[in-house]
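Below is one structure; the comments refer to it alone.
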Amino acid sequence: MTKKIIGMDCPGCGIQRSISLLFKGEIIDSFLMYPGLFPLGFLLFFLTFDLFYKVKGTEHIKLWATIITIGTIITSYIIKITIF
């Protein structure tokens with residue numbers, strides 16, 4: 001929808017197709033469709049885990065997981081709009 005309105009992809013474009021491919025068992029295709037899905041999945045899993053179990057150093061893990069997730073999404077978006 002965003003591509004139709006403004007003429008370019010958004011940073012989240014492809015996440016639904018990537019999730020669909022992941023559920024079909026096509027892990028490599030899922031990663032190629034939207035590389036940010038895997039670090040995002042880890043971040044969401046860890047945030048949920050942290051609600052129930054307290055582990056030492058969780059603040060550092062949350063910080064680095066967030067940085068890696070955002071970095072992956074931004075990097076893949078820049079690659080997508082410059083190359084494709």
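The values are calculated or read from the model by the stated rules, or taken from the named source; none is laboratory data. All values reported here derive from a predicted model rather than from experimental measurement. All accessible areas refer to the heavy atoms of the entire protein, side chains included, with ligands and DNA or RNA removed. Shrake-Rupley method; radii C 1.70, N 1.55, O 1.52, S 1.80 Å.
Secondary-structure-derived ellipticity at 222 nm for the chain, considering helices only, amounts to -23500 deg cm²/dmol, per-run term -39500 (n - 2.57) for DSSP H runs with n ≥ 4. For the chain, the membrane-span-like helices by this rule, meaning whole DSSP H stretches whose C-alpha atoms cover at least 15 Å of axis and whose Kyte-Doolittle mean is 0.0 or above, are 37-52, 58-83; this says nothing about an actual membrane.
Counting only protein heavy atoms and a 1.4 Å probe, the chain has 76 square angstrom of accessible area per residue.
The C-alpha radius of gyration of the range 1-45, expressed as a fraction of 2.2 N^0.38 Å, stands at 1.23. With contacts taken as Cα pairs under 8 Å and at least 6 residues apart, the chain reaches a relative contact order of 30 percent.
Answer rounded, prolate or oblate for the range 17-84, using the Cα gyration tensor with square roots of eigenvalues a ≥ b ≥ c: rounded when a/c is under 1.5, else prolate when a/b is larger than b/c, else oblate. Here the range 17-84 falls in the oblate category.
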